[in-house]
Amino acid sequence: MYHLNFLFIFTFWLPMVVSKSLRLRLSGHPNILGADVFRFNAELTNTGNEPLTLLNDPNTVLAPSWKTDIFAVTCRATGKLASFQGVSVRWNPPEILEDAQITKIQVAETIKIEQNLSSVYNFTLSGPGVYDITPISHTFLAISPAGSVESIVADVSGSHHMWLWGNTASTKAN
C-alpha cells in the first residue's frame, strides 16, 4: 500500500515540474538564384511546459533587422565562410530590460522569423555552391515571472543547406 501511495504522488507531481526549453530549426527553399534572395526561416518552438517571454537579443535569430553575425555560413565546395558585412552589437539586458522588445511563445507554439542574409554576408570570395548554415548562438534570454533574466539553450536540429548559384554579390544596399 505504501508503494502505491508513493507511486500515485510521484506520478501526479512529476508533470507539475516547470521546464523551459526551446528547439531551433532552420528551413527554407534549398535553391536560390543570387545573393539578393539568400533568405530562409528560423523556426523557434517552445518545447517546455510554460509560456516563454524572450528578449529580442540582437545576437539571436529573434532580431534579424539588426544584421548581426548570427550564422556560420560555409560554402561546401571551397570550405570558406561567407564574409560578414553587418554590425556588431554590445548588448546588456539588465540595462535595457524596461525598453526591450520581446517575443512571447506559448507552450508547443512555433514561430517563424525570416532571416535575410543578402546584405549581411558577402558570398563573392566563398563562391557559388551549396552552403551550410548553422546558428552561432542558440542561447536565448527569457524573462521569468519574477522579472529576472534567465538563459535557455535551444536544441538545434541540424544545419540548413542552400544551393547558391548566379550572382554571389548582393546588389541591395546595406
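The values are calculated or read from the model by the stated rules, or taken from the named source; none is laboratory data. What you are looking at is a predicted structure, and each value in this text was computed from that prediction instead of being measured. No Cβ is skipped: glycine too gets one built from the backbone with ideal geometry, and neighbour counts run over all protein chains shown. Remember, those area values only see protein heavy atoms, side chains included, never the ligands or the DNA or RNA. Shrake-Rupley method; radii C 1.70, N 1.55, O 1.52, S 1.80 Å.
Quick one: putting +1 on the C-beta of Lys and Arg, -1 on the C-beta of Asp and Glu, what dipole do you get for the chain around its Cα centre, in Debye to the nearest 20?
Numbers: 11 positive and 13 negative charges, 98 e Å.
In debye, rounded to 20, the chain gives about 460.
According to a simple spin-label model (label point 7 Å from Cα along Cα-to-Cβ), what is the distance in nm between SER65 and GLN85?
2.3 nm
Which order do THR168, THR110 take by accessible area at a 1.4 Å probe, largest first?
Working: THR168 25, THR110 65 Å².
From most exposed to least exposed: THR110, THR168.
For Rg and Dmax of the Cα atoms in Å, pick the label among (1) 21.7, 66; (2) 19.9, 75; (3) 17.1, 61 that corresponds to the value derived from the coordinates.
Recomputing Rg and Dmax of the Cα atoms in Å here gives the entry labelled (2).
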